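Trainee: Got a structure here, written out as structure tokens. Questions coming.
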Amino acid sequence: MIFFNRLIVLLSIFFVFNVFADRTIVIQKTAISAQNNAVESSQSHLPISSKEIKIAFICAPKVIGKYSQSTYNVALATLLGKHLENSTLKRFDISDESIESLRITLSKIHQEGFNAILAPLTLSGAQHIATLEKEIPVFIPTVHKRDMPEAPDTIVFGSIDYIRQIQALLPYMGNSIAIFYDDSAVGLHLKKNTEMLFMETDSSKKSVASYAIDAQGDNIISHLSKPSTFNKKSIIIHLPIVKSAILTSQMTFNGIKERNILSTQINVDPALITLTQYHDRKNMILANSIIEHPPAVTESNALMNNDIYFDWINYATSVGADFLISQLSNEEREYSMRLIDSQVIYPVELLKAKEFGFEPITSH
């Protein structure tokens, strides 16, 4: 009965959220007053916050695209999953991440009395907000503290750590590797750090060859035109899922006998299983940091069909929302991951891409 009544509350607010254009969600005791008779005996089991929680959500839809909506949905679902009263989540859309746009928005946020900010911004936007906001806590799920070491202590970073994932893959790399990457910011970042980390030890015995893949993936065939070049090498893939699938299938078609195929979070996606044949991925090992799944967070996000199992930006947003709620309500966090120097520390596990899904092999 308790779960049924909570479900009704969640679905009711979800309906309001989808039907009305107003993007401010306020949870108050009056919102569930109609349920009081049915759940009066259970109210003592729900965490109650005496302090009003007001979280501002800042995003630039033209900059981060689909994530402006998906991350907001995740933040909302995570807040609802806590069953806290006197809680507000308001979305502040900005046209771009310029310092002036953020200055105007932050002024509104302070005028309206918000006491925390959740902001999925690019590195540029994060750098601007770091110069402007030093009073209330800010969580940025899309940037790692390593990229902003001088940021004020009021800003907490939630990006996964690609460098730590590459380090976890190093023992599986042979003395010769071939890196396939695209010219996106992520692709270039991963390629650069893979080369650097791989050559840090015994560089005289190692060789690296890097291959840039064009926007359509048309040059994959030409890169693989000499199959013997890649035999017994570790193939490192820093490509989006579709290009990764094309690359691995072409490797199989060309008869390449690689040592193994290694990748990071970028390819931990069920689409990899559907887009590739098992023979294409049987030698593949992937680094993953989406491991912890607290029931209160996963259940409420499942109700809103939010992907926090494979989409790391959505996942990091749920971690951020949980952190800010804990800071403001003095309730325990749902997630147990540590924060060191204002950065969430995610564990890393290695996965095998099996016939019907992913299977853990180690944790770091």
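The values are calculated or read from the model by the stated rules, or taken from the named source; none is laboratory data. In this text, all values refer to a predicted model and were calculated from it rather than measured experimentally. In this analysis, Cβ positions are derived from the backbone assuming ideal geometry, glycine residues included, and neighbour counts consider all displayed protein chains.
Trainee: If a residue has to be in contact with a Phe, Trp or Tyr (Cβ under 8 Å, 6 or more places away or on another chain) and in a helix (DSSP H, G or I) to count, how many in the range 301-313 make the cut?
Mentor: Our first condition is that a residue be in contact with a Phe, Trp or Tyr (Cβ under 8 Å, 6 or more places away or on another chain); within the range 301-313, this holds for 303-304, 308-309, 313.
Those left that are additionally in a helix (DSSP H, G or I): 303, 313.
Qualifying residue count for the region: 2.
Trainee: A further question follows. Looking at LYS206, LYS232, which is the one that is under 27 Å from HIS144 (Cβ atoms) and either surrounded by 17 or more Cβ atoms within 10 Å (Cβ to Cβ) or not hydrophobic (A, V, I, L, M, F, W, C) (or both)? If you could, list the steps in order and put the result at the bottom.
Mentor: Details: LYS232 fails: under 27 Å from HIS144 (Cβ atoms).
When all the criteria are applied, what remains is LYS206.
Trainee: Tell me which residues, restricted to the range 312-341, are polar (S, T, N, Q) and either free of Cβ contacts under 8 Å to residues at least 60 places away in the same chain or buried (at least 19 other Cβ atoms within 10 Å of the Cβ) (or both).
Mentor: Here is the first cut: in the range 312-341, the ones polar (S, T, N, Q) are 314, 317-318, 326-327, 329-330, 336.
Hits for the range 312-341 are ASN314, THR317, SER318, SER326, SER329, SER336.
Trainee: While we're looking at this one, here's another question. Regarding ALA316, is this residue among the aliphatic types (A, V, I, L, M), within 21 Å of ASP147 (Cβ to Cβ) and touching a Gly at 6+ places or on another chain (Cβ under 9 Å)?
Mentor: yes
Trainee: So which residues in the range 283-299 are small (Gly, Ala, Ser) and surrounded by fewer than 24 Cβ atoms within 10 Å (Cβ to Cβ), if there are any at all?
Mentor: Quick first cut of the range 283-299, residues small (Gly, Ala, Ser) only: 287, 289, 296.
If the condition is that a residue be small (Gly, Ala, Ser) and surrounded by fewer than 24 Cβ atoms within 10 Å (Cβ to Cβ), then ALA296 is the only one that fits.
Trainee: Going by the structure shown, is LYS206 of a type outside the set (Gly, Ala, Ser) and under 30 Å from ASN231 (Cβ atoms)?
Mentor: Here the answer is yes, as LYS206 does meet what is asked.
Trainee: I would also like to ask the following. Please tell me if ILE213 is touching a strand residue (DSSP E or B) at 6+ places or on another chain (Cβ under 8 Å), β-branched (Val, Ile, Thr), crowded, with 17+ Cβ neighbours inside 10 Å and closer than 16 Å to GLU258 by Cβ. I'd like the intermediate steps shown before the answer.
Mentor: Working: touching a strand residue (DSSP E or B) at 6+ places or on another chain (Cβ under 8 Å): yes; β-branched (Val, Ile, Thr): yes; crowded, with 17+ Cβ neighbours inside 10 Å: yes; closer than 16 Å to GLU258 by Cβ: no.
When the stated conditions are applied, ILE213 does not pass them.
Trainee: Filter the range 94-108 for residues that are part of a helix (DSSP H, G or I), closer than 21 Å to GLN69 by Cβ and aliphatic (A, V, I, L, M) and give the result.
Mentor: The initial filter retains those residues of the range 94-108 that are part of a helix (DSSP H, G or I), namely 99-108.
Subsequent filtering for residues that are closer than 21 Å to GLN69 by Cβ retains 101-102, 105, 108.
Residue satisfying the conditions is LEU102 alone.
So that you can scan it fast, the table gives a plain yes or no per residue for (1) part of a helix (DSSP H, G or I); (2) closer than 21 Å to SER68 by Cα:
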site: ALA316; (1), (2): yes, yes
site: VAL319; (1), (2): yes, yes
site: SER326; (1), (2): yes, no
site: GLU331; (1), (2): no, no
site: TYR335; (1), (2): no, no
site: LEU350; (1), (2): no, no
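Trainee: Mind listing just one residue for me: the one in the range 178-203 that is among the acidic types (Asp, Glu) and over 26 Å from PRO227 (Cα atoms) and, of those, surrounded by the most Cβ atoms within 10 Å (Cβ to Cβ)?
Mentor: Taking the range 178-203 and keeping what is among the acidic types (Asp, Glu), we get 182-183, 195, 200, 202.
Going one step further and asking which of them are over 26 Å from PRO227 (Cα atoms), we end up with 200, 202.
Details: GLU200: 11, ASP202: 9.
Checked the range 178-203; the qualifying residue surrounded by the most Cβ atoms within 10 Å (Cβ to Cβ) is GLU200.
Trainee: Among the numbered conditions (1) under 26 Å from LYS352 (Cα atoms); (2) within 25 Å of the chain's Cα centre (by Cα), tell me where ARG146 comes up short.
Mentor: Condition not satisfied by ARG146: (1).
Trainee: I would also like to ask the following. Quick check on LYS54: is it among the basic types (Lys, Arg), touching a residue at least 40 places away in the same chain (Cβ under 8 Å) and not in a loop (DSSP other than H, G, I, E, B)?
Mentor: yes
Trainee: Can you pull out every residue in the range 256-300 that is of a type in the set (A, V, I, L, M, F, W, C) and either within 23 Å of ALA321 (Cβ to Cβ) or assigned to a loop (DSSP other than H, G, I, E, B) (or both)? First the steps, then the outcome.
Mentor: Of the residues in the range 256-300, the ones of a type in the set (A, V, I, L, M, F, W, C) are 256, 261-262, 266, 268, 271-273, 275, 284-287, 290-291, 296-297.
Passing the criteria: ILE256, VAL268, ILE290, ILE291, ALA296, VAL297.
Trainee: Among the residues of the range 342-364 satisfying the criterion of being surrounded by fewer than 15 Cβ atoms within 10 Å (Cβ to Cβ) and of a type in the set (S, T, N, Q), which is modelled with the highest pLDDT?
Mentor: The selected residue is THR362.
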